[in-house]
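First the structure, in the form of structure tokens, and then the observations on it.
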Amino acid sequence: MADTKSAKLVLNDQSYDLPILTPTIGPEVLDIRKLYGQADVFTYDPGFTSTASCDSTITFIDGDKGELWYRGYPIEQLAAKSHYLEVCYLLLYGELPDADQLKDFESRVTHHTMVHEQMNNFFRGFRRDAHPMATMVGVVGAMSAFYHDSTDIADPWQREVAAIRLIAKLPTIAAMAYKYSIGQPFVYPQNELDYASNFLHMCFSVPAAKYTVDPALARAMDRIFTLHADHEQNASTSTVRLAGSSGANPFACIAAGIACLWGPAHGGANQAALEMLKEIGTVDRIPEYIARAKDKNDPFKLMGFGHRVYKNFDPRAKVMKESADEVLDLLGIHNNPTLQVAKELEKIALEDEYFIEKKLYPNVDFYSGIILSAMGFPTSMFTPIFALSRTVGWIAQWKEMIGDPQNKIGRPRQLYVGSNKRDYVDVAKR
Ligand code: CMC
């Protein structure tokens, strides 16, 4: 990050030098940290469309080319050749592990998958019909009440234990939220199963029958986890960083991230996309929905389309699409009406002038719901699965921030447009 170049800002006949920071790759960044002190002005950027909130070594996105790298490795290579726990190691520690490091990491995660037994009772306080995301926000937030011994953020060992606990326990908590919502008994994790198989087992097995995880489905599940593992400074990650910047403990920060992810413009889009496909129902109704998406007076958007950063095909969506074809083939699902609507909608939207001009491509959420639904998950579980996959990204970003000596509490400023100072008027005189 060199800052030998600078830009000049002329304001009220005064000139200010703004250092230019040069990233490894990507657009240069104007450093405005001293601007308020020197020139008494703020910059204005609602939605942070032009603002870099931190420097980071974890993930890189080139939205125009449709590229995504974790620690420099392209997502397509990781999805094809690696697996989720190896990707977790890469995101957390910066390098791919050697065989011993991987074995040790897998063993540490595997041996933290059970949750405190008292948590079962905590779950029972929720209504059965609660959305699993509602339950997860509460239960993950409550982890700080169950695991006090890893909440001291100043202690690197405690930070490490908290990271492992979160990665290990989130699938267990997501599966418990699901089991609770359908009135089935909780299923304990099994140490001999890999991460993805374990999750499928905790979701789909019941005490009354033997459940064997299909390795091909476990592989597809693992790939979904990998594709969602991190995505630089998106809304939920920025939420985790902002919450963490005040010194809040990691469990509280991840609960904040889960709450943010839930929104339909972010992680909630996978549920919304499948529900939209079902609502469209048949191919002949697609034009009606395309017309609504284009209508400025209709708030409707095509869920699973568009992205703040990608102005080209979302690279995760490409892998997800291949995976969807594989899973549907494997399960012998060929004439599914939702799938037909999805394929036709994608085709029409990619040829439509409105979508071409606005660079609106299918995103990761467009296809993930199709796979998850084929695997047997209800739509309400789509966003919890996104949350458990993204936990490693959140925690890697949180650890990076806590370890950064430049870390300050996040505190944006505002453009105040409210009333000027005025005197209080007694109620009788108003
Ligand atoms: N359908 C129809 N029009 C759209 C869509 C869409 N899905 N997305 C954006 N537009 C239009 C939007 O109306 C705007 O038009 P105009 O310039 O005429 O005002 C233009 O395209 C630019 O959109 P924007 O809303 O200003 O872009 P943004 O960067 O603020 O929003 C987004 C990005 C992802 C929130 C938005 O595209 C969206 O709401 N998409 C649907 C929800 C979705 O699929 N979200 C998942 C994102 S990927 C996974 C994740 O990050 O969690």
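For ILE167, only one of the following conditions fails: (1) at pLDDT 95 or above; (2) among the aliphatic types (A, V, I, L, M); (3) over 24 Å from the mean Cα position of the chain (by Cα). What is its number?
So ILE167 meets the others, but not (3).
Here are ASP404, ASP423: which of them is open to solvent by 10 Å² or more (accessible area, probe 1.4 Å), more than 16 Å from the ligand (Cβ to nearest atom) and modelled with pLDDT of 95 or more? I'd like the intermediate steps shown before the answer.
Values: ASP404 fails: modelled with pLDDT of 95 or more.
Answer to the check: ASP423.
Every residue in segment 90-108 that is within 20 Å of the chain's Cα centre (by Cα) and within 17 Å of LEU388 (Cβ to Cβ), please. Before you say what the answer is, go through the steps one by one.
Taking segment 90-108 first, the residues within 20 Å of the chain's Cα centre (by Cα) are 90-94.
Matches in segment 90-108: LEU91, LEU92.
How many residues are away from the ligand (no atom under 11 Å from the Cβ) and crowded, with 22+ Cβ neighbours inside 10 Å if we restrict to segment 293-318? Let's see the steps before the verdict.
Our first condition is that a residue be away from the ligand (no atom under 11 Å from the Cβ); within segment 293-318, this holds for 297, 312-313, 315, 318.
After this cut, where a residue has to be crowded, with 22+ Cβ neighbours inside 10 Å as well, the list is 315.
Qualifying residue count, segment 293-318: 1.
Of the residues LEU388, LEU345, LEU360, which is within 16 Å of the ligand (Cβ to nearest atom) and not in a helix (DSSP H, G or I)? Give the derivation first.
On the way: LEU388 fails: not in a helix (DSSP H, G or I); LEU345 fails: not in a helix (DSSP H, G or I).
Exactly one residue qualifies, and that residue is LEU360.
Assigned to a helix (DSSP H, G or I), more than 18 Å from LEU274 (Cβ to Cβ) and within 11 Å of the ligand (Cβ to nearest atom): is that true of PHE366 in this structure?
Values: assigned to a helix (DSSP H, G or I): yes; more than 18 Å from LEU274 (Cβ to Cβ): no; within 11 Å of the ligand (Cβ to nearest atom): yes.
Considered against the rule, which asks whether it is assigned to a helix (DSSP H, G or I), more than 18 Å from LEU274 (Cβ to Cβ) and within 11 Å of the ligand (Cβ to nearest atom), PHE366 comes out as no.
In segment 141-159, is there at least one residue being open to solvent by less than 10 Å² (accessible area, probe 1.4 Å), in contact (Cβ under 8 Å) with a residue 40 or more places away in the chain and over 24 Å from GLY376 (Cβ atoms)?
Yes: segment 141-159 contains one or more residues that are open to solvent by less than 10 Å² (accessible area, probe 1.4 Å), in contact (Cβ under 8 Å) with a residue 40 or more places away in the chain and over 24 Å from GLY376 (Cβ atoms).
Out of ALA2, ALA39, ALA52, which single residue is at pLDDT below 95, among the hydrophobic types (A, V, I, L, M, F, W, C) and either farther than 19 Å from GLU232 by Cβ or under 22 Å from the mean Cα position of the chain (by Cα) (or both)?
Numbers: ALA39 fails: at pLDDT below 95; ALA52 fails: at pLDDT below 95.
The unique qualifying residue is ALA2.
Can you tell me which of ALA259, ALA252, ALA265 is under 20 Å from the mean Cα position of the chain (by Cα) and either crowded, with 22+ Cβ neighbours inside 10 Å or not in a helix (DSSP H, G or I) (or both)? Reasoning before the result, please.
Values: ALA259 fails: either crowded, with 22+ Cβ neighbours inside 10 Å or not in a helix (DSSP H, G or I) (or both); ALA252 fails: either crowded, with 22+ Cβ neighbours inside 10 Å or not in a helix (DSSP H, G or I) (or both).
So the residue among ALA259, ALA252, ALA265 that is under 20 Å from the mean Cα position of the chain (by Cα) and either crowded, with 22+ Cβ neighbours inside 10 Å or not in a helix (DSSP H, G or I) (or both) is ALA265.
If we only count helices (runs of 4 or more DSSP H) wholly inside segment 11-112, which ones have 1 or more residues that are open to solvent by 50 Å² or more (accessible area, probe 1.4 Å) and under 25 Å from ASN191 (Cα atoms)? Reasoning before the result, please.
Numbers: elements: 35-39, 75-81, 84-93, 99-110.
Here the list reads 75-81, 84-93, 99-110.
Given the options ALA154, ALA130, ALA145, name the one that is in a helix (DSSP H, G or I) and either touching a Cys at 6+ places or on another chain (Cβ under 8 Å) or aliphatic (A, V, I, L, M) (or both).
Just one listed residue meets the conditions, ALA145.
Looking only at segment 362-399, filter to residues that are open to solvent by 20 Å² or more (accessible area, probe 1.4 Å) and in contact with an Asp or Glu (Cβ under 9 Å, 6 or more places away or on another chain); which one of those is farthest from MET136 (Cα to Cα)?
Of everything passing the filter in segment 362-399, LYS399 is farthest from MET136 (Cα to Cα).
Filter segment 225-249 down to the residues that are within 13 Å of the ligand (Cβ to nearest atom) and outside any loop (DSSP other than H, G, I, E, B) and list them by number.
Scanning segment 225-249 gives LEU227, ALA235, SER236, THR237, SER238, THR239.
Of the residues that make up segment 176-188, is at least one open to solvent by 30 Å² or more (accessible area, probe 1.4 Å) and part of a helix (DSSP H, G or I)? Working first, answer last.
So in segment 176-188, the residues open to solvent by 30 Å² or more (accessible area, probe 1.4 Å) come out as 181-186, 188.
In the following step, the residues that additionally are part of a helix (DSSP H, G or I) were identified as 181-182.
Checked against the condition, which is being open to solvent by 30 Å² or more (accessible area, probe 1.4 Å) and part of a helix (DSSP H, G or I), segment 176-188 yields at least one hit.
For the condition out of contact with any Lys or Arg (no Cβ under 7 Å at 6 or more places or on another chain), among the β-branched types (Val, Ile, Thr) and within 30 Å of GLY263 (Cβ to Cβ), what is the one hit in VAL115, VAL109?
Details: VAL115 fails: out of contact with any Lys or Arg (no Cβ under 7 Å at 6 or more places or on another chain).
Being out of contact with any Lys or Arg (no Cβ under 7 Å at 6 or more places or on another chain), among the β-branched types (Val, Ile, Thr) and within 30 Å of GLY263 (Cβ to Cβ) holds for just one of VAL115, VAL109, which is VAL109.
The values are calculated or read from the model by the stated rules, or taken from the named source; none is laboratory data. Note that the coordinates shown come from a computational prediction; the quantities given were computed from them, not determined experimentally. No Cβ is skipped: glycine too gets one built from the backbone with ideal geometry, and neighbour counts run over all protein chains shown. All accessible areas refer to the heavy atoms of the entire protein, side chains included, with ligands and DNA or RNA removed. Shrake-Rupley method; radii C 1.70, N 1.55, O 1.52, S 1.80 Å.
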